[in-house]
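Please read the structure below before turning to the comments.
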Amino acid sequence: MKQSLFFIFFSVFTVVAVAQGQPKKVLADKIIAVIGDKIVLKSDITNFIEDEKRQGKEVPENAGCMLLQQMMIRKALMLQAQKDSLPVSNEEIEAELDQRIRYYINAYGGKDALEQIAGKTIYQIKEDNRTAIKEQKLADAMQKSIIENVRITPTEVKDYYDKIPKDSLFFYDTELEMKQVVAYAKPSREMEKYAQDELAEYKRQIESGAASFDRLAKMYSDDPGTKEMGGRFEFNRNDKNVDPVFSSTAFALKEGQISRVIKSKFGYHIIQLVSRVGDDVVVRHILKIPHVTQTEIDAAIAKLDTIRSKLVAGTITFGEAVDKYSEDDNSKFTAGSVTNAQGSPYLTIQDLDKSLVSVYNQLKVGEYSKPITFGEGSKQGARIVYIQKKTEPHRENLKDDYNKVAQRVMDEKKNEILERWFQTKMPTYYINVDSEYRDCSQIHIWLAASANAEKDR
């Protein structure tokens, strides 16, 4: 049960879809579990499993039992959160709904595709999931309150490690912990003016009727994420990932109106408002990113050469260099740490782009690389790389892998606390489960505990 309690709640957000354009048979729904005054429906299980399969994800044979267990856990945590009056605001719920909607829009290829697949409007999808999202937020808040004060000691980590059979220790390839200071190449005024003039001409053509926004965006926009959709982009006013200048400009427009040329952190844009409902907006935009030449790349390299000289001389620390000079938002606020796609700072050679392979092979721990040029999407620039730690291929040990072992110890300790919490709380709730799921191992234990508690009352 330990693996199923700690932070492994399934997504509660479902999109009821039509697989490959074929109508689905309509099955009668039924209640399959009751916890307190909360219920779990058969469709809660089947809809999630079908959606996972549609996305090509592997679904285990016991997915039904696992899902029901997770949903019952969520209900119990949510009920306790309500008893303890843990706060969850409407703003939090709305933000989570917007985030999930954006995920599915991207997954299915646009708003229209999502609505067609779901057979519902975006508004209806939100409303169908609002209660479940609120329950999940309450459950998360309760879980956090149970385990937020958990701490571990070095002695606990060592005791845990010593109990692992030596032939069961993990084997790690060479790994790096890497930090970087980034400087992007800045386009010249001439190139910026050229991009602005291009957008002004597109605006003139659209407003005169000589061309459509959709057509020009597909032909000329530098935004790969919206180019093929004619520049179409949907977002919420509270979305922190949208550039604030872009957002405020979009919300100031009237339907059909095209903005003046504006500058965001991504480049220059013109924006046309398609529709707006409350804090949700649909726009079209054309992005132009001013071209940079070798001259501008050389200027970024020269800037980093100066910073490297200070690092080598010891007049500034790497952390200070990141804080003061780095232009990469992703690593700037993690003291310059480079992470892989899973967010881990432990990097293998497979995690590095081509420009960093030489660093992997040649740079020693504690050394600062010379400026390395790179391209990142439409951006070009250079970076100084610092190897904080490097391990050779090895079996897991406490000297090299203490943090990884400690994280596993922390996870298990939190699991144990959650386990005890459920052993204490589950018997206090009325529990009833449909015969189809009564043989699920953990659910069977809960039913027995609840029945015994009922006899004692």
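Between a residue in the range 386-397 that is basic (Lys, Arg) and any residue that is assigned to a strand (DSSP E or B) and exposed (fewer than 15 other Cβ atoms within 10 Å of the Cβ), which pairs come within a Cβ distance under 6 Å, given they are 6 or more apart or on different chains?
Within 6 Å, the pairs are Arg395/Phe171.
Is there a residue in the range 230-246 that is basic (Lys, Arg), modelled with pLDDT of 95 or more, in contact with a strand residue (DSSP E or B) (Cβ under 7 Å, 6 or more places away or on another chain) and closer than 30 Å to Ile93 by Cβ?
Taking every residue of the range 230-246 in turn, none turns out to be basic (Lys, Arg), modelled with pLDDT of 95 or more, in contact with a strand residue (DSSP E or B) (Cβ under 7 Å, 6 or more places away or on another chain) and closer than 30 Å to Ile93 by Cβ.
With the condition kept exactly as written, say whether any residue in the range 121-134 is over 30 Å from Val274 (Cβ atoms), crowded, with 18+ Cβ neighbours inside 10 Å and touching a residue at least 60 places away in the same chain (Cβ under 8 Å).
Looking for residues that are over 30 Å from Val274 (Cβ atoms), crowded, with 18+ Cβ neighbours inside 10 Å and touching a residue at least 60 places away in the same chain (Cβ under 8 Å), one finds none in the range 121-134, hence no.
Scan the range 347-379 for residues that are under 23 Å from Thr317 (Cβ atoms) and hydroxyl-bearing (Ser, Thr, Tyr) and jot them down.
Within the range 347-379, Tyr368, Ser369 meet the criteria.
Hey, could you check the range 284-296 for residues that are modelled with pLDDT of 95 or more and hydrophobic (A, V, I, L, M, F, W, C) and say which is surrounded by the fewest Cβ atoms within 10 Å (Cβ to Cβ)?
This residue is Leu287.
Which ones in the range 419-435 are surrounded by 13 or more Cβ atoms within 10 Å (Cβ to Cβ) and touching a residue at least 60 places away in the same chain (Cβ under 8 Å)?
Glu419, Trp421, Phe422, Lys425, Met426, Tyr429, Ile431, Asn432, Val433, Asp434
So, in the range 149-172, of the ones that are among the aromatic types (Phe, Trp, Tyr) and at pLDDT below 95, which residue ends up surrounded by the most Cβ atoms within 10 Å (Cβ to Cβ)?
At the first step, the residues of the range 149-172 found to be among the aromatic types (Phe, Trp, Tyr) are 160-161, 170-172.
This time we only want the ones that are at pLDDT below 95, so: 170-172.
Details: Phe170: 12, Phe171: 8, Tyr172: 18.
Filtering first and then ranking leaves Tyr172.
Please pick out the residue among Gly375, Gly381 that is part of a strand (DSSP E or B), touching a residue at least 60 places away in the same chain (Cβ under 8 Å), within 24 Å of Ala302 (Cα to Cα) and assigned by TED's automatic domain parsing to the domain that holds Lys303.
Gly381
Hey, could you check the range 173-197 for residues that are at pLDDT 90 or above and among the hydroxyl-bearing types (Ser, Thr, Tyr) and say which is surrounded by the most Cβ atoms within 10 Å (Cβ to Cβ)?
Tyr184
So if I check each of Ala139, Ala95, Ala63, Ala113, which one is surrounded by fewer than 20 Cβ atoms within 10 Å (Cβ to Cβ) and within 21 Å of the chain's Cα centre (by Cα)?
Checking each option against the conditions leaves just Ala95.
Can you give me the ranges of the helices (runs of 4 or more DSSP H) entirely in the range 96-176 with at least 2 residues that are in contact with a helix residue (DSSP H, G or I) (Cβ under 9 Å, 6 or more places away or on another chain) and farther than 30 Å from Lys414 by Cβ?
By residue number, 111-118, 122-147.
Residues in the range 45-57: is at least one of a type outside the set (Lys, Arg) and not in a helix (DSSP H, G or I)? Walk me through it before giving the result.
Within the range 45-57, the first condition is being of a type outside the set (Lys, Arg), and the residues that meet it are 45-52, 55-56.
This time we only want the ones that are not in a helix (DSSP H, G or I), so: 55-56.
Looking through the range 45-57, at least one residue is of a type outside the set (Lys, Arg) and not in a helix (DSSP H, G or I).
For the range 218-227, does any single residue satisfy the condition of being in the same structural domain as Asp279 (by TED's automatic domain parsing), under 11 Å from Arg284 (Cα atoms) and in a loop (DSSP other than H, G, I, E, B)?
Checked against the condition, which is being in the same structural domain as Asp279 (by TED's automatic domain parsing), under 11 Å from Arg284 (Cα atoms) and in a loop (DSSP other than H, G, I, E, B), the range 218-227 yields at least one hit.
The values are calculated or read from the model by the stated rules, or taken from the named source; none is laboratory data. The shown structure was predicted, so the numbers you read here are calculated from the model rather than taken from an experiment. As a convention, Cβ positions derive from the backbone with ideal geometry for all residues, glycine included, and neighbour counts pool all protein chains shown.
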